1. Of the accessible area of the chain, with the probe set at 1.4 angstrom, what percent is carbon plus sulfur?
2. Radius of gyration and Dmax for the stretch 120-223's Cα atoms, expressed in Å?
3. For the chain, count all C-alpha to C-alpha pairs, find those more than 22 Å apart, and express that count as a whole percent of the total.
4. Per residue of the chain, what 222 nm ellipticity follows from adding -39500 (n - 2.57) for every DSSP H run with n ≥ 4, rounded to the nearest 500?
5. Could you let me know the centre-to-centre spacing of the stretch 40-100 and the stretch 166-223, using Cα atoms, in angstrom?
6. Under 14 Å from the Cβ of GLY179, count the other residues' Cβ atoms, weight Lys and Arg +1, Asp and Glu -1, and hand me the total.
7. How much accessible area per residue does the chain have, counting only protein heavy atoms and a probe of 1.4 Å, in square angstrom?
8. Hey, in the GNM for the chain with a 10 angstrom Cα cutoff, which one of THR18, THR195, THR109 fluctuates hardest?
Amino acid sequence: MSWLRNPWARPRALVLVTLLYILWSIVPVAIAVLFAFNDGRSRTTWQGFSFRWFTGQTGSVLHDPELQGALKHTLVLAVICVAVCVPLGVSLALGLQRWRGRGSGTINTLMLFPLVTPEIVMGVALLLLFLKVFPGLGLGTEAQAIGQITFTVSYVVVMVRGRLASIGPEFEEAAADLGAPPRDQLVRVLLPLLTPAIVAGAAVSFALSIDDFVVTQYMSSSG
């Protein structure tokens with residue numbers, strides 16, 4: 001308990017706990033990635049290092065039409081998700097950050113729902129929406145893209161709003177005082193400051209799209 005009484009020891013203890021947490025989070029993922037290079041089909045017994053599942057003549061990504069089709073479809077959905085979620089999320093973040101009128105609190109709360117909603121619930125809800133409310137749209141690539149965008153856009157909004165809160169309104173106010181029109185305030189001042197959050201939002205959107213099997217499966221025409 002001495003580290004609780006020593007203020008200099010607390011940061012070291014926090015750093016140690018953080019490193020342990022990172023290791024606890026990364027090691028299982030690293031093991032799963034390692035078994036992708038397992039020479040055998042076992043998911044629990046290591047049978048040697050091999051690229052057979054990536055370049056082999058049978059059962060590999062390069063020689064299996066089904067796997068190739070799935071990979072291409074996954075990447076197409078990821079590109080669509082990023083292309084829509086990033087500009088839409090940035091626009092929503094800018095609007096919600098400035099909206100102080102009636103209903104702003106409700107909209108902000110609704111924007112956070114996809115972050116806390118289990119994927120299985122989101123998938124079933126979207127499936128019922130497309131089958132019962134909008135049956136004309138049907139299931140397939142379009143429905144999968146809409147479902148992924150619905151699930152992912154909130155992440156971009158939260159990240160961009162966090163960046164907006166950290167930089168504050170001072171830069172825009174300074175640009176306005178110097179005579180910059182609203183368009184230049186946005187394009188030449190605000191967006192460059194938001195670039196780290198925008199890039200991070202794009203990366204998260206791409207990763208979530210690749211990982212979002214549940215919603216994608218429910219929205220597939222053969223699901």
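The values are calculated or read from the model by the stated rules, or taken from the named source; none is laboratory data. Just so it is clear, the structure is predicted and the values come from calculations on it, not from any experiment. So basically every Cβ, Gly included, is an ideal-geometry build from the backbone, and we count neighbours across all protein chains shown. Calculation scope for accessible area: heavy atoms of the full protein, side chains included, ligands and nucleic acids excluded. Shrake-Rupley method; radii C 1.70, N 1.55, O 1.52, S 1.80 Å.
1. Numbers: 10050 of 14420 Å².
Roughly 70 percent, rounded to a whole number.
2. Over the stretch 120-223's Cα set, Rg and Dmax evaluate to 18.7, 58 Å.
3. On the way: 16850 of 24753 pairs.
Considering the chain, 68 percent of its Cα-Cα pairs are separated by more than 22 Å.
4. Details: 10 runs with 155 residues, N = 223.
Value at 222 nm, helices only, nearest 500: -23000 deg cm²/dmol.
5. 21
6. Numbers: positive: ARG183, ARG188; negative: GLU172, GLU173, ASP177, ASP184.
Charge balance near GLY179 sits at -2.
7. 65
8. THR18
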